[in-house]
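First up is the structure itself, then whatever we jot down about it.
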Amino acid sequence: MKRKMIQIDEAKCDGCGLCLPNCPEGAIQLIDGKARLISDLFCDGLGACLGHCPQGAITIEEREAEPYNERQVMANIVKQGAPVIHAHLQHLKEHNELDYLRDAMNYLKENHLQIDLTNPQAPGAAPSQPPEGGCPGSRLMSFAPRSSAASTDDAGKRASQLRHWPIQLHLISPRAPHYQGADLLLAADCVPFAMGDFHRDYLQGKALAIACPKLDEGQDVYVEKLAALVDEARINTLTVMIMQVPCCGGLLRLAKEAVARAQRKVPIKCIVVSLQGDVLSEEWV
């Protein structure tokens, strides 16, 4: 269908990021130092981000695009906490988008998520009732983001940047809300132990899955799940972090095979880490 969409002039964009908080749908992310529209599904074309770019890099154009999907937007922003949800709902109200607003409220209800709509600073969306059955250790959970002020205390302790549970690739569900439209970090099991600043430098702002390409069984399932994350969760990017040891390269091969099988195509970045935790290489493959 043909509809209005934002257009970002990459040559003008200086990566300042001022447009990000002014996009209530989370449709814009900084990737490789440039603001980019991560999915047509997330852009409603109403232009709330216009006027916030000091370089004038954002305009509105009419072009062929996938229809805007309010449920995908809600799945994308729920994991970012109540203030973001409030801003999005207010944006819909101000533009009299009542159908989208109804979809948003139905999404929260259907996924048993509740927030205090009278308080934008209340904790993020949480299950209204505990899930029943299954192993407690693999129960699906999303965590409210920690504020930047809470990321490091006076003693130098850093807060965890993990936003959800579970994280082991066999246990995750591609349908979980925290994977919808996310930048996915697929890390070999040993990487976080080797890297002292893994949370701060690489996990922050990403959804996580971990696996061991040498010791884990059932790796054909891994390929299927990764392909589902591409097609069903519609992840934005896939970053694979592996150790420098030869067997670890199997994780990158699994990721490439999954993307090759998927209907959608997403960019893959490979980061190779030394046994002492240094980044040996970081490149899009």
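The values are calculated or read from the model by the stated rules, or taken from the named source; none is laboratory data. Computed from a predicted model, the values in this text were never measured in an experiment. Here the Cβ positions follow ideal geometry from the backbone for every residue, glycine too, while neighbour counts run over all protein chains shown.
Worth pointing out:
- Residue list for the range 222-244, restricted to those being surrounded by fewer than 17 Cβ atoms within 10 Å (Cβ to Cβ) and either modelled with pLDDT of 95 or more or within 21 Å of Leu203 (Cβ to Cβ) (or both): Gln244
- Within the range 1-54, being among the acidic types (Asp, Glu) and surrounded by 15 or more Cβ atoms within 10 Å (Cβ to Cβ) holds for Glu25, Asp40, Asp44.
- Test: residue in the range 127-134 that is modelled with pLDDT under 80 and surrounded by 14 or more Cβ atoms within 10 Å (Cβ to Cβ): yes
- Any pair with Cβ under 9 angstrom, 6 or more apart, that starts in the range 67-79 at a residue that is farther than 17 Å from Ala176 by Cβ and modelled with pLDDT of 85 or more and ends at one that is aromatic (Phe, Trp, Tyr) and surrounded by fewer than 20 Cβ atoms within 10 Å (Cβ to Cβ): Glu70/Tyr107
- Residue satisfying all of: in the range 256-272; basic (Lys, Arg) and under 18 Å from the mean Cα position of the chain (by Cα); surrounded by the most Cβ atoms within 10 Å (Cβ to Cβ) among these: Lys269
- Within the range 163-195, the residues that satisfy the criterion of being more than 18 Å from the chain's Cα centre (by Cα) and not in a loop (DSSP other than H, G, I, E, B) are Ala188, Val191, Pro192, Phe193, Ala194.
- A count restricted to the range 173-186 and to residues that are under 16 Å from Met243 (Cα atoms) and out of contact with any Phe, Trp or Tyr (no Cβ under 8 Å at 6 or more places or on another chain) stands at 1.
- The listed residue being out of contact with any Ser or Thr (no Cβ under 9 Å at 6 or more places or on another chain) and under 29 Å from Leu208 (Cβ atoms), out of Ala48, Ala65, Ala87: Ala87
- Of all residues in the range 155-205, those being surrounded by fewer than 17 Cβ atoms within 10 Å (Cβ to Cβ), within 24 Å of Glu224 (Cβ to Cβ) and free of Cβ contacts under 8 Å to residues at least 40 places away in the same chain number 2.
- You will find that of Asp216, Asp201, the residue that is over 20 Å from Val259 (Cβ atoms), among the acidic types (Asp, Glu), assigned by TED's automatic domain parsing to the domain that holds Glu257 and out of contact with any helix residue (DSSP H, G or I) (no Cβ under 6 Å at 6 or more places or on another chain) is Asp201 and no other.
- Applying the condition of being assigned to a loop (DSSP other than H, G, I, E, B) and in contact with a Leu (Cβ under 6 Å, 6 or more places away or on another chain) to the range 253-285 and asking which residue is nearest to Thr239 (Cα to Cα) yields Val266.
- Selection from the range 38-62 of residues that are outside any loop (DSSP other than H, G, I, E, B) and either out of contact with any strand residue (DSSP E or B) (no Cβ under 6 Å at 6 or more places or on another chain) or of a type in the set (Gly, Ala, Ser) (or both): Asp40, Leu41, Phe42
- Close pairs from the range 28-46: first at positive phi, partner at pLDDT 80 or above and in a strand (DSSP E or B), Cβ under 8 Å, at least 6 apart: Gly45/Arg3; Gly45/Lys4; Gly45/Met5; Gly45/Ile6; Gly45/Ile60
- Exactly one residue among Leu108, Leu30, Leu92 is within 23 Å of the chain's Cα centre (by Cα) and either under 26 Å from Val266 (Cβ atoms) or not in a helix (DSSP H, G or I) (or both), and that residue is Leu30.
- Filtered residue count, the range 252-285, keeping only those that are in contact with a strand residue (DSSP E or B) (Cβ under 7 Å, 6 or more places away or on another chain) and among the basic types (Lys, Arg): 2
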